[in-house]
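First comes the structure, then the notes that go with it.
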């Protein structure tokens, strides 16, 4: 009614500006409480990882020989409090968990970056060259997918030698096929659309078509896969550390902490419980965040 009166009076009605891309994304993303909870947990973990040296109450590798297997909430007259107890060597579990978060986040970032970059390159090549080159790339990815992921990672680390660097490389190689297949499918779907054909007719080169024209429209599913792949990278790195093929002692890494504490599971439950909970909470938070990103970025789910 107000708009009609203004139109009669000769004054144009004010039209609300459409929401920006980020505002639209946040409106969909914020509807999921699980995604918001996962985002908050991830932010807290990242802050703990960044400021681990300031937040951790003790040195993560210092051994307090007079406080071996101290239970949680122990108050030591000489060394202060051990909120989560100590392990079999007298090292503070809380400090090791905080510094282990830094290591796990670093592993996740490096693995996802390597796998995503290589996966986008190979996927675009396979999508734009569906002939012999594309077939060779996809058959190699199929062979990798036919093997259990953790078994393939173990084989790679066994060949290269047990270390954190080799474990990161192995996990990145294991995660590679998912990004290649997803990029190839998205590229083949986009390359037949009118805007790509128009760009090709207007004289755009192959690299411009692949990187500038097609790749931005392939990013939403890749972002979701990268978020979910982050949790997989943390879990696989912890599994390799548990098997003694990842980070080596005394490096504070969650999987290594679990491996060294197995023999004390009945007499000192805290040395196994808290590293396991750290892995569980981190992986669950990234999975919840990935589900929220999928719901916010998928046009079909928006409708």
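Laboratory data are not the source of any read-out in this text; all were calculated from the coordinates shown. Predicted, not measured: the structure shown is a model, and the values here were computed from it. In this analysis, Cβ positions are derived from the backbone assuming ideal geometry, glycine residues included, and neighbour counts consider all displayed protein chains.
I need the calculated FRET efficiency for the pair residue 106 and residue 23, taking r as the beta carbon distance and R₀ as 30 Å, to the nearest 0.05.
On the way: r = 32 Å, r/R0 = 1.07.
It comes to 0.40.
Mind jotting down a quarter of the surface of the convex hull over the alpha carbons of the stretch 30-85, in square nanometres, one decimal? Averaged projected area of the stretch 30-85's Cα convex hull equals 5.2 nm².
Quick check: from the Cα gyration tensor, does the stretch 81-198 come out rounded (a/c under 1.5), prolate or oblate? Each step should come with its number before you reach the end.
Working: a/c = 4.31, a/b = 2.25, b/c = 1.92.
Prolate, since a/c reaches 1.5 and a/b exceeds b/c.
Assign one of three labels to the chain, namely rounded, prolate or oblate, based on the Cα gyration tensor with a ≥ b ≥ c the square roots of its eigenvalues; rounded applies when a/c is under 1.5, prolate when it is not and a/b is larger than b/c, and oblate otherwise. Here the chain falls in the oblate category. For the chain, the longest principal axis of the C-alpha atoms and the axis of helix 164-190 are separated by about 20°. Axis of helix 132-146 versus longest Cα principal axis of the chain: the two differ by about 40°, to the nearest ten degrees.
Kindly identify the stretch 233-288 as rounded, prolate or oblate by the Cα gyration tensor criterion: order the square roots of the eigenvalues as a ≥ b ≥ c, call it rounded if a/c is under 1.5, otherwise compare a/b with b/c, prolate if a/b is larger, else oblate. Let's see the in-between values first.
Values: a/c = 2.49, a/b = 1.23, b/c = 2.02.
Because a/c hits 1.5 or more and a/b fails to exceed b/c, the stretch 233-288 counts as oblate.
For residue 151 and residue 33 in one chain, what is 0.36 nm times their gap in residues minus the Cα-Cα distance, to one decimal in nm?
Details: separation 118, 0.36 × 118 = 42.48 nm, distance 3.54 nm.
Between residue 151 and residue 33, full extension yields 38.9 nm more.
Residues considered: 104, 259, 231. Largest GNM mean-square fluctuation over the chain, using C-alpha springs under 10 Å, is found at 259.
Entry note, the chain: the mean residue ellipticity at 222 nm calculated from DSSP H runs of n ≥ 4, each adding -39500 (n - 2.57), is -22500 deg cm²/dmol after division by the residues and rounding to the nearest 500.
Grab the Cα-Cα distance for residue 194 and residue 55, subtract it from 0.36 nm times how many residues apart they are, and report the gain in nm with one decimal. Could you put the intermediate results ahead of the total?
On the way: separation 139, 0.36 × 139 = 50.04 nm, distance 5.42 nm.
Stretched out fully, the residue 194 to residue 55 stretch lengthens by 44.6 nm.
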